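*Asks:* One structure coming up, written as structure tokens, with questions to follow.
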Amino acid sequence: MNEKIAILQQWIDESSSIVFFSGAGVSLESGVPDFRSMGNDYFQKYDYPPEAILSRTFFQRKPEEFFQFYRDRILRPLLTAEPNTTHNKLATLEAAGKIRRIITQNMDGLHQEAGSLKVLELYGSVMRNPCPDCERRRTVLEILEHPNVPYCDVDMCGAIFTPEIFLFGDGLDKETMTTAMFDMVNADLLIIAGTSLLEYPAAAFVHLYGRKKMVLINEKEHAMDSRADLFLNASVSEVMSQINVGEKITSS
Ligand SMILES: [Zn+2]
């Protein structure tokens with residue numbers, strides 16, 4: 001492992017346009033659970049599986065049940081979640097001019113909380129809950145404290161404050177996808193963390209990155225891991241905690 005971390009360190013030192021793909025595993029290490037995982041008592045509380053509830057048609061037809069799930073399974077776990085070593089190290093790398101983009105499939109805003117600015121959220125963010133019909137917005141806390149469906153009740157608006165997240169049945173945002181693809185093509189180091197090369201959307205992006213230096217950091221092993229030039233079979237934080245961000249090299 002030490003040898004592999006030394007290689008990763010060298011590649012990071014040599015790079016100035018890193019794309020870091022932040023998968024679910026990165027958030028999991030901050031205690032953000034995967035909302036798709038159903039515990040034993042899941043069906044005592046919900047009549048439908050997560051994929052059904054998190055769809056656009058369900059949101060429109062059964063907003064009460066949608067918001068019960070959204071509050072309890074997605075927002076409430078975030079109250080105690082804080083950025084971890086990976087989030088913080090990426091913010092430091094960005095400040096040192098190393099990061100081209102953090103492309104994340106997570107919706108929890110933890111990269112921004114750590115201080116990263118170059119974040120591309122493939123599936124949106126639960127931090128944003130705007131009214132679709134007017135300019136008003138609700139914070140996570142306001143949505144959490146609301147007992148039921150958060151209707152926009154000012155000036156007789158009547159629309160529902162709607163999480164700015166991807167729901168099943170939505171198309172992914174074209175501008176976001178175009179930016180992500182452009183970043184992939186122009187990166188000089190690709191680090192994929194907390195997901196596998198088999199899972200969408202990482203799988204769809206990887207082939208756009210045509211260079212060497214594709215790094216995979218993941219606790220689980222998968223059949224496609226050998227496609228990476230460097231595979232670190234470990235927790236993402238464990239790896240990132242050992243990376244040093246040196247002084248920015250200035251030519252004189
Ligand atoms: Zn409104």
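The values are calculated or read from the model by the stated rules, or taken from the named source; none is laboratory data. What you see is a predicted model; the values in this text were computed from it and never measured. Glycine gets a Cβ as well: all are built from the backbone with ideal geometry, and neighbour counts include every protein chain shown.
*Asks:* Taking the stretch 120-136 only, how many residues are within 14 Å of the ligand (Cβ to nearest atom), at pLDDT 95 or above and over 18 Å from Q60 (Cα atoms)?
*Replies:* Of the residues in the stretch 120-136, 0 are within 14 Å of the ligand (Cβ to nearest atom), at pLDDT 95 or above and over 18 Å from Q60 (Cα atoms).
*Asks:* Could you give every pair whose Cβ atoms fall below 9 Å, whose first residue belongs to the stretch 32-45 and is polar (S, T, N, Q), and whose second residue is modelled with pLDDT of 85 or more, counting only separations of at least 6 or pairs across chains?
*Replies:* Pairs found: S37/P50.
*Asks:* Residues that are closer than 22 Å to S125 by Cβ and of a type outside the set (S, T, Y), at least 2 per element: which helices (runs of 4 or more DSSP H) completely within the stretch 13-103 meet that?
*Replies:* 24-28, 50-53, 56-61, 63-69, 85-95
*Asks:* Could you please give the count of residues in the stretch 164-173 that are in contact (Cβ under 8 Å) with a residue 12 or more places away in the chain, out of contact with any Lys or Arg (no Cβ under 9 Å at 6 or more places or on another chain) and surrounded by fewer than 15 Cβ atoms within 10 Å (Cβ to Cβ)?
*Replies:* 1
*Asks:* For the stretch 219-234, does any single residue satisfy the condition of being in contact with a Gly (Cβ under 8 Å, 6 or more places away or on another chain) and surrounded by 16 or more Cβ atoms within 10 Å (Cβ to Cβ)?
*Replies:* No: the stretch 219-234 contains no residue that is in contact with a Gly (Cβ under 8 Å, 6 or more places away or on another chain) and surrounded by 16 or more Cβ atoms within 10 Å (Cβ to Cβ).
*Asks:* Also, I was wondering about something else. For the stretch 178-204, give me the residue count where each residue is at pLDDT below 90 and either in contact with a Pro (Cβ under 7 Å, 6 or more places away or on another chain) or in a loop (DSSP other than H, G, I, E, B) (or both).
*Replies:* Residues meeting the conditions: 6.
*Asks:* Being away from the ligand (no atom under 13 Å from the Cβ) and surrounded by 18 or more Cβ atoms within 10 Å (Cβ to Cβ) is the filter here, so list the residues in the stretch 147-163 that pass it.
*Replies:* The one that is away from the ligand (no atom under 13 Å from the Cβ) and surrounded by 18 or more Cβ atoms within 10 Å (Cβ to Cβ): P163.
*Asks:* Sticking with this structure for a sec: Among the residues in the stretch 14-26, are any over 28 Å from F182 (Cα atoms), of a type in the set (G, A, S) and in contact (Cβ under 8 Å) with a residue 24 or more places away in the chain?
*Replies:* Scanning the stretch 14-26, I find no residue that is over 28 Å from F182 (Cα atoms), of a type in the set (G, A, S) and in contact (Cβ under 8 Å) with a residue 24 or more places away in the chain, so the answer is no.
*Asks:* Here are F21, F43, F35: which of them is among the hydrophobic types (A, V, I, L, M, F, W, C) and exposed (fewer than 12 other Cβ atoms within 10 Å of the Cβ)?
*Replies:* Step by step, each of F21, F43, F35 is checked, and only F43 is among the hydrophobic types (A, V, I, L, M, F, W, C) and exposed (fewer than 12 other Cβ atoms within 10 Å of the Cβ).
*Asks:* Looking for whichever is touching a residue at least 24 places away in the same chain (Cβ under 8 Å) and more than 16 Å from the ligand (Cβ to nearest atom) here; the options are L117, L78. Which one fits?
*Replies:* L78
*Asks:* Report whether or not A204 is farther than 30 Å from C131 by Cα and either among the aliphatic types (A, V, I, L, M) or within 16 Å of the ligand (Cβ to nearest atom) (or both).
*Replies:* In short, yes.
*Asks:* Mind listing just one residue for me: the one in the stretch 95-118 that is more than 8 Å from the chain's Cα centre (by Cα) and under 14 Å from M181 (Cα atoms) and, of those, surrounded by the most Cβ atoms within 10 Å (Cβ to Cβ)?
*Replies:* It comes out as I102.
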